[in-house]
1. Put a label point 7 Å from Cα along the Cβ direction on A:Ala95, then list its distances to the equivalent points in the other copies in nm, shortest first.
2. Does anyone have the angle between helix A:9-25 and the longest principal axis of chain A? Alpha-carbon axes, 0 to 90°, nearest 10?
3. Pairs of lysine in segment B:73-224 with Cα under 24 Å and at least 8 positions apart or on different chains: total?
4. Starting from the 7 Å offset along Cα-to-Cβ, what nm value, one decimal, do you get for the label separation of C:His215 and D:Gln220?
5. Defining a contact as two alpha carbons under 8 Å apart and six or more residues distant in sequence, what relative contact order in percent does segment C:66-214 show?
6. State, to one decimal in nm and shortest first, how far the label point of D:Lys198 sits from each corresponding label point in the other identical copies (label point: 7 angstrom along Cα-to-Cβ).
7. How many partner chain Cβ atoms sit within 10 Å of a residue's Cβ in peptide D:175-188, on average, as a whole number?
8. Modelled label-to-label distance, B:Asp67 and C:Ala141, 7 Å Cα→beta-carbon offset: nm?
Number of protein chains: 4
Amino acid sequence: MESLQVPSLEQLRREVWEANLGIFRAGLVTMHSGNASGIDRRRGLVIIKPSGMDYEKLRPADLAVTDLEGRRVQGRWKPSVDLPHHLYIYERRPAIGGIIHTHSNYATSFAALGRSIPAYLTAIADEFGDEIPCAPYVDNAGDHVGEAVVKCLGQAPAVLLAQHGAFAFGSTPRAAFKAAVMLEDVAKTCHLALLLGKPRALPPNEVRKWYGRYHTTYGQRKKP
Amino acid sequence: MESLQVPSLEQLRREVWEANLGIFRAGLVTMHSGNASGIDRRRGLVIIKPSGMDYEKLRPADLAVTDLEGRRVQGRWKPSVDLPHHLYIYERRPAIGGIIHTHSNYATSFAALGRSIPAYLTAIADEFGDEIPCAPYVDNAGDHVGEAVVKCLGQAPAVLLAQHGAFAFGSTPRAAFKAAVMLEDVAKTCHLALLLGKPRALPPNEVRKWYGRYHTTYGQRKKP
Amino acid sequence: MESLQVPSLEQLRREVWEANLGIFRAGLVTMHSGNASGIDRRRGLVIIKPSGMDYEKLRPADLAVTDLEGRRVQGRWKPSVDLPHHLYIYERRPAIGGIIHTHSNYATSFAALGRSIPAYLTAIADEFGDEIPCAPYVDNAGDHVGEAVVKCLGQAPAVLLAQHGAFAFGSTPRAAFKAAVMLEDVAKTCHLALLLGKPRALPPNEVRKWYGRYHTTYGQRKKP
Amino acid sequence: MESLQVPSLEQLRREVWEANLGIFRAGLVTMHSGNASGIDRRRGLVIIKPSGMDYEKLRPADLAVTDLEGRRVQGRWKPSVDLPHHLYIYERRPAIGGIIHTHSNYATSFAALGRSIPAYLTAIADEFGDEIPCAPYVDNAGDHVGEAVVKCLGQAPAVLLAQHGAFAFGSTPRAAFKAAVMLEDVAKTCHLALLLGKPRALPPNEVRKWYGRYHTTYGQRKKP
């Protein structure tokens with residue numbers, strides 16, 4: 001998932017800001033719940049939403065910039081209290097360049113039950129390439145959240161966390177944003193289907209066909 | 001469903017652009033899922049959304065224009081990967097002038113179960129004139145999607161595709177847009193009713209009465 | 001429900017226009033479904049949405065003005081095909097000054113099942129003073145819709161129509177708009193409650209207490 | 001919950017106005033349902049929404065200012081008919097500086113059934129520190145509503161009221177707004193989870209861990 005072009009820190013800051021604004025505008029977060037971050041691995045810096053600030057008032061300069069141990073190096077505001085989870089995941093998953101944490105309603109309704117979301121839909125195959133797994137409940141001490149997420153993280157760029165919420169990943173903050181939005185979208189459709197009847201998961205070989213097409217022929221080679 | 005006035009290519013481009021923007025604003029598509037196209041049969045050209053581009057940034061000039069074999073003749077962006085399905089349907093259904101593909105949540109919740117939407121409501125009779133059928137699951141190889149849709153397409157200007165999403169049709173992109181929006185609207189009401197109890201389909205002769213009135217006395221003769 | 005001040009025809013036109021725009025912005029109508037009207041009983045005129053026109057493009061001057069037999073006296077556009085139902089109701093219910101017809105999703109999910117909405121909530125008691133009844137299914141011939149609605153119309157300023165939609169009423173178009181919006185709001189809450197358990201209707205004497213307070217002490221005497 | 005800085009009356013007026021506008025924009029109220037208030041305990045004044053006025057037209061100067069017995073001391077409009085409930089609660093709970101009353105759909109669906117919302121989610125532990133209780137049904141006579149709310153009010157800054165709606169509290173109107181928004185958000189997720197299966201409440205010691213972290217390390221010390 002690693003992106004080939006290395007953006008400048010200011011480009012990354014802008015992308016992290018857009019991802020934070022994006023999850024708010026897409027209705028994935030409420031008040032101050034949730035956060036988006038991005039990592040600049042060359043410089044050893046992480047950019048993340050500050051704690052408890054209104055999304056719609058957030059400016060790029062308000063974002064917190066920390067080193068990989070979480071020490072603030074830029075910005076006047078304290079970083080999100082979830083920063084340790086982001087750092088833990090970045091350290092163990094070098095292909096990840098952006099992380100988003102939300103309590104979006106439909107995804108979290110599966111998490112409330114400790115349920116994963118099977119690949120009921122071609123959209124899940126396209127975007128996630130597998131079911132979206134749910135990590136067991138953990139408390140907020142130390143690295144418990146980060147450990148639970150990393151242990152559970154497989155093919156799909158998203159993990160549910162029981163009784164808690166969702167994490168979404170990408171090679172960039174923008175890609176993580178897309179995963180977070182698509183997670184809530186497919187969670188909603190799957191929820192609606194489960195209320196009407198018993199959907200069946202696509203078999204693994206069908207999932208691979210959709211994922212393969214989506215990740216080879218889709219999109220633009222030159223940047224739109 | 002064929003429209004009488006033949007619009008210029010630029011009028012068609014604008015209408016296809018409005019339909020793509022419209023499905024985004026109406027909440028029928030998420031991120032880049034879904035696409036709208038239109039055909040100019042006299043010139044042998046199809047206009048369709050480019051692959052993987054943000055709806056809200058799309059300008060009319062960004063749309064891809066192809067011939068009936070899918071060769072790009074205008075536009076700098078690759079057309080939607082769903083273009084072959086659109087072309088297959090246009091070829092077999094000469095009355096169709098606009099096609100929209102979405103994974104809109106309520107319609108797709110029926111599709112997830114392979115269920116058609118019976119004519120439970122006068123709004124379904126008005127707009128669709130019949131139940132909205134669901135084609136069986138097919139993979140994305142060759143013309144499988146196009147074949148499944150065409151085989152299933154009857155009176156109603158919409159078809160669900162199992163575990164996948166929805167296609168909506170019209171004599172123009174604008175008419176297809178209306179069918180796509182109304183499909184999601186009636187799917188939502190039917191879903192809500194099915195959670196509360198057992199709705200009954202209107203008998204065929206009642207469906208005909210509503211459809212007949214709607215398609216003879218409704219709307220304005222001169223263009224508003 | 002009769003209002004004391006008689007507005008000018010232009011004031012009524014503006015209010016009917018606001019009600020049509022309002023039901024669109026409140027999400028009660030989709031594409032062209034639904035319509036709002038108002039009556040000027042002194043002049044013997046009814047103002048109503050034209051048939052099949054986009055709500056967001058509608059200007060006050062586009063509204064159709066008819067006499068009480070439905071003959072157009074102003075406006076270049078054909079009135080809504082539902083005009084006969086509005087006229088039928090205005091004729092039989094002299095206290096009604098505004099009528100709104102929608103297929104709003106939650107209200108219509110009850111109508112799909114032919115179910116009334118009992119006074120489960122104090123908000124229903126406040127606004128409707130009774131359960132919201134559901135008239136049996138009728139076809140669209142002659143005055144069938146108008147007859148079914150009038151026969152069913154009691155204390156509550158709203159009636160559901162089986163497998164069809166909802167009608168809301170008021171002494172003015174603005175009051176009818178409020179009833180239409182509140183109908184969908186309470187229908188949604190009642191629907192959600194019915195999915196979780198078995199709500200109980202408030203007893204009639206409790207309903208009367210809420211209705212009484214709301215209709216004596218609520219609001220401003222001078223016009224805000 | 002008492003705030004340390006005492007704002008001027010004009011600052012409080014602005015905050016009450018923002019809370020009223022906020023509950024409307026967040027979709028927690030419909031038409032004129034619901035209201036937000038704030039108290040200036042030093043001056044012995046309460047500021048509250050006027051009765052029956054459109055939220056989107058409300059200006060700060062339109063708010064009603066009353067003394068602690070509910071006598072209007074500023075403003076040309078009558079205060080909300082729910083003012084006595086606000087005054088009753090302010091008198092018995094000196095730590096409360098802002099109160100919000102809504103009939104928000106998901107919270108009220110629990111209230112319709114007289115059901116509390118257990119701490120199914122870490123977000124409930126974070127924000128409410130306990131389950132959100134539901135007071136039994138009371139009519140609107142005298143102080144019945146205020147009494148029922150105060151008797152039920154525990155750790156969580158929100159109370160449901162059976163067959164009626166919700167009250168949310170904070171040390172300031174802004175804090176009460178956050179509680180009202182988060183209440184509807186967690187009510188929605190819990191509702192969705194209850195439709196899919198049987199969520200389990202977090203044990204009290206787990207609730208305390210989340211609440212403790214959220215109320216010690218979260219947010220900014222200096223005002224953003």
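1. 4.9, 4.9, 6.9
2. Result, in degrees: 50.
3. On the way: B:Lys151/B:Lys178; B:Lys178/B:Lys188; B:Lys178/B:Lys209; B:Lys178/B:Lys222; B:Lys178/B:Lys223; B:Lys188/B:Lys198; B:Lys188/B:Lys209; B:Lys198/B:Lys209.
So the count works out to 8.
4. Result for the modelled spin labels: 5.1 nm.
5. Numbers: 263 pairs, mean separation 43.8, N = 149.
About 29 percent, as a whole number.
6. Going from nearest to farthest copy, the values are 1.9, 1.9, 2.7 nm.
7. Working: counts 0, 0, 1, 4, 1, 0, 3, 5, 0, 1, 8, 6, 2, 6.
For this peptide, the per-residue mean of nearby foreign Cβ atoms is 3.
8. 5.5
Read-outs throughout are calculated quantities, based only on the coordinates presented, and are distinct from any laboratory measurement. The structure displayed is predicted, hence computed values, not measured ones. No Cβ is skipped: glycine too gets one built from the backbone with ideal geometry, and neighbour counts run over all protein chains shown.
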